[in-house]
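Readers should treat all values here as calculations from the given coordinates under stated rules, not as data from a laboratory. Computed from a prediction, not measured in an experiment: that's the story for all the values here. Neighbour counts run over all protein chains shown; Cβ positions are idealised from the backbone, glycine included.
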Amino acid sequence: MAKRMLGIEIGNNTIKLIEVTKKAETIKIEKFSLLDTLRDCVVNGGITHLEPILEVISKELTSKKYKAKKAVVLIQSNQIIIRNAVIDKQPEKVIKQLLAIRPEEYLPVETSQYQIDFKITREFEEAGVNKQEILLVAAPNHIVLPMVNLIESLKLTPIKISIPSEALAKAFGAEARIVNHTDGDALIIDIGGKSTTATIVSKGHTVLTRIIEFGVDLVNETIESSFVNPNEEQLTDQGKNEYENYLKELIRPQIEYNVIAELERIIQFYYSRFENSPIRKIYLIGGGANIKGIETYIREALNIQTQGISEFTNVVEKPDSDFASYRRFFVNILGAINGI
């Protein structure tokens with residue numbers, strides 16, 4: 001039987017809503033919306049003013065006649081702490097007890113202020129001892145609880161709260177993936193309004209996630225401060241080409257300084273820390289995936305094939321929905337839904 005659910009992701013700049021029906025491994029998109037986040041209502045992934053956000057989403061759900069009663073939510077913030085830890089092999093129940101009794105050994109946080117969860121990512125043997133690598137996540141209450149309040153105020157039942165690293169593992173993983181990636185490890189770069197998240201997925205698991213302080217807003221500020229803002233509709237074809245080349249050269253130093261240099265450090269750390277296959281492909285997602293020239297800059301600098309998301313595998317899109325133009329915005333939330 002198909003399950004109908006609503007995916008919700010609220011970013012600093014945009015609100016993503018997507019209603020799907022999921023049957024076995026197939027996700028059918030029924031409706032979707034991409035809304036502007038009201039100014040100063042969301043800061044670093046946390047809802048600071050609930051009522052305006054509630055009003056905007058409620059109005060959209062009513063006007064477009066969304067039907068889902070269950071919600072899958074994705075939260076994202078550089079205040080969410082993600083750690084990898086290696087421990088002797090233990091049952092999950094024992095790991096929960098260890099985190100409750102001695103959390104300071106694994107996470108540098110005041111546990112009463114966070115929601116903490118974990119996931120076993122791999123099991124292996126080391127010096128004759130069975131080991132486990134676990135992924136630990138600590139999300140601040142001021143990020144999680146307002147989101148839960150929002151869902152309940154919308155009269156929805158939350159069935160899952162996910163983070164991008166978990167969602168991307170379900171989008172690019174080894175089984176039931178929604179992106180047709182099969183050639184080695186992948187680096188996914190999610191370029192948002194305020195920040196960029198770099199995530200490496202290896203053998204169906206997220207092994208590394210880092211946040212880079214760069215987003216579309218910085219690019220827009222650079223363009224606005226250049227004092228060159230022609231009416232593109234009135235430009236000749238030659239003028240459009242010249243203006244596009246101008247923008248690329250204007251933006252390139254930002255990309256090289258803020259993104260590529262950091263990506264080089266992330267990749268070097270990955271190869272020194274993890275014994276995995278080489279990164280074969282880089283995928284660009286998020287609102288900044290279409291920044292002029294960024295795909296070329298990253299490919300040439302890192303010598304790794306780089307591309308946007310051109311299609312999904314087990315996702316059914318309505319022919320007249322124009323969803324193809326918005327795929328890059330919904331990779332995270334579709335990955336979270338795919339994990340249900």
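Numbers for the structure displayed
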quantity	calculated
Viscosity 1.567 mPa s, 4 °C: Kirkwood-radius Stokes-Einstein D of the chain over Cα pairs, µm²/s	61
Two-site label geometry, VAL43 and PHE269: point separation in nm, points 7 Å out along Cα→Cβ	2.6
Segment 134-207: GluC sites (Glu not before Pro) in DSSP coil with no more than 15 other Cβ atoms inside 10 Å	GLU175
Ordering of 8-14, 104-110 by burial proxy (mean other Cβ atoms within 10 Å per residue, highest first)	8-14, 104-110
Amide N of segment 3-45 lying under 14 Å from the label point, which is placed 7 angstrom from the Cα of GLN79 along Cα→Cβ	12, 41-45
Among beta bridges that DSSP assigns inside the chain, antiparallel share in %, nearest 5	70
Student exercise, segment 257-340 dipole from Lys, Arg, Asp, Glu Cβ charges, in Debye to nearest 20	140
Contour minus Cα-Cα distance for ASP117 and GLU152 (0.36 nm per residue)	10.5 nm
Virtual spin-label span in nm between TYR326 and ARG299, 7 Å along Cα→Cβ	2.8
Most mobile listed residue (LYS131, LYS292, LYS70) in the chain, GNM with C-alpha springs under 10 Å	LYS131
Axial C-alpha extent at least 15 Å, average Kyte-Doolittle at least -0.5 - helices from the chain (DSSP)	50-63, 141-153, 261-273
Ranked packing of 84-90, 55-61, most packed first, by mean Cβ within 10 Å	55-61, 84-90
Protection-proxy order for peptides 313-323, 261-271, each taking the mean of Cβ atoms within 10 Å per residue, highest first	261-271, 313-323
Options ILE304, PHE118, ASN332, ranked by Cα towards positive dipole end of the chain, top entry (Cβ charges)	PHE118
